[in-house]
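Contents: one structure, followed by commentary.
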């Protein structure tokens, strides 16, 4: 359990915490929690939680994709908000998954569980004095895990990717000896020592596909792609519609927006503005641009093509 993992790590100046619990603390409380710890074990369990249940195992791909996104958020929080310098990303085990339902060829042909079985799963049996079977791989934990003679147990593993049929076949499985189950990735994520990587400005993107202005006043919505932290700095920008063929002359008013949200929720990092097209004649076949510039440096942050096709002339 998580509590047992945390108790084990205490002897080494460490602790274990669920990813969602750590993220919910926020920067200040999170720093307080980890301040005196030498090692923080952050536990994330979405794939197993979804895949290892028959009712939800068909959502394994969805759970894996969401896990990648959530782990990226955890990494950003640890490095940018908790001042972490090195993070190891790994897994306690891998798994096998097949989209189609299992048929008889996917199941082991064992007739029944051997006498002495203590635990029977789809990808392994553990027990005492199990003996051997030509239909399964067999071994003892004294060899594979170095357990003492009095605590050692025998195990059986189905050959290949098959499942023990008496445990109820499932598309999502783990716990045996296929490479997909025992080989796991280990990624090291660290803070770059390069000066330009120590801090950066928040990223900004336009939401939705807005490629034409058809009224005098047009709403544009943007999203701040990163939460502002000690290393990811807020920025203020100006936004306007411009005519690049006329020396980037503005054809709308100029609006100023500041992106400084520290929230990890995307909805709380959205900002919108209203741009009003200036009076004059605007060619509907001509390309204009939506231009965003950094307010402090005047460096261009974003430029997107826009058509201006007003229903009526804007000469009043």
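Bear in mind these aren't lab numbers, they're just calculated from the coordinates by the rules spelled out. It should be emphasised that the depicted structure is a prediction, and the values quoted were computed from it without experimental measurement. A quick note on method: Cβ atoms are made from the backbone with ideal geometry, for glycine too, and the neighbour counts reach across all protein chains shown.
A compact table of results
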{"quantity": "Stretch gain in nm, segment residue 273-residue 152, where the contour uses 0.36 nm per residue and the Cα spacing is subtracted", "calculated": "36.8 nm"}
{"quantity": "Computed over the stretch 197-308: relative contact order in percent, which uses C-alpha pairs under 8 Å that are six or more apart", "calculated": "29"}
{"quantity": "Mean separation of Cα contacts under 8 Å, 6 or more apart, over the residue count of the chain: relative contact order %", "calculated": "13"}
{"quantity": "FRET efficiency, residue 302 to residue 35 (Cβ-Cβ, R0 35 Å, nearest 0.05)", "calculated": "0.35"}
{"quantity": "Sorted peptide list for 130-142, 179-191, criterion being average Cβ within 10 angstrom, highest first", "calculated": "130-142, 179-191"}
{"quantity": "Within the chain, helix-based [θ] at 222 nm, where runs of 4 or more DSSP H residues each add -39,500 (n - 2.57), nearest 500", "calculated": "-6000 deg cm²/dmol"}
{"quantity": "Pair residue 8, residue 57: separation of 7 Å Cα→Cβ label points (nm)", "calculated": "2.6"}
{"quantity": "At 1.567 mPa s and 4 °C, Stokes D of the chain from Kirkwood alpha-carbon radius, µm² per second", "calculated": "52"}
{"quantity": "Label-to-label distance, nm, for residues given as residue 238 and residue 128 (7 Å Cα→Cβ offset)", "calculated": "8.2"}
{"quantity": "Extended-chain gain in nm, criterion 0.36 nm per residue less alpha-carbon gap, residue 143 and residue 283", "calculated": "42.4 nm"}
{"quantity": "Global geometry of the stretch 197-308, whether rounded, prolate or oblate, following the gyration tensor of its Cα atoms and the 1.5 cut on a/c", "calculated": "prolate"}
{"quantity": "Extended-chain gain in nm, criterion 0.36 nm per residue less alpha-carbon gap, residue 219 and residue 263", "calculated": "13.5 nm"}
{"quantity": "Protection-proxy order for peptides 20-32, 228-240, each taking the mean of Cβ atoms within 10 Å per residue, highest first", "calculated": "228-240, 20-32"}
{"quantity": "Fraction of beta bridges assigned by DSSP in the stretch 197-308 that are antiparallel (%, nearest 5)", "calculated": "90"}
{"quantity": "Dimensionless Rg ratio for the stretch 175-232, taking C-alpha atoms and the 2.2 N^0.38 Å reference", "calculated": "2.09"}
{"quantity": "Residues 310, 275, 102 arranged by fewest to most Cβ contacts within 10 Å", "calculated": "310, 102, 275"}
{"quantity": "Spacing of the two label points (7 Å from each Cα toward its C-beta) at residue 253 and residue 186, in nm", "calculated": "5.9"}
{"quantity": "Relative contact order, percent, the stretch 104-164 [alpha-carbon distance under 8 Å, six or more residues apart]", "calculated": "41"}
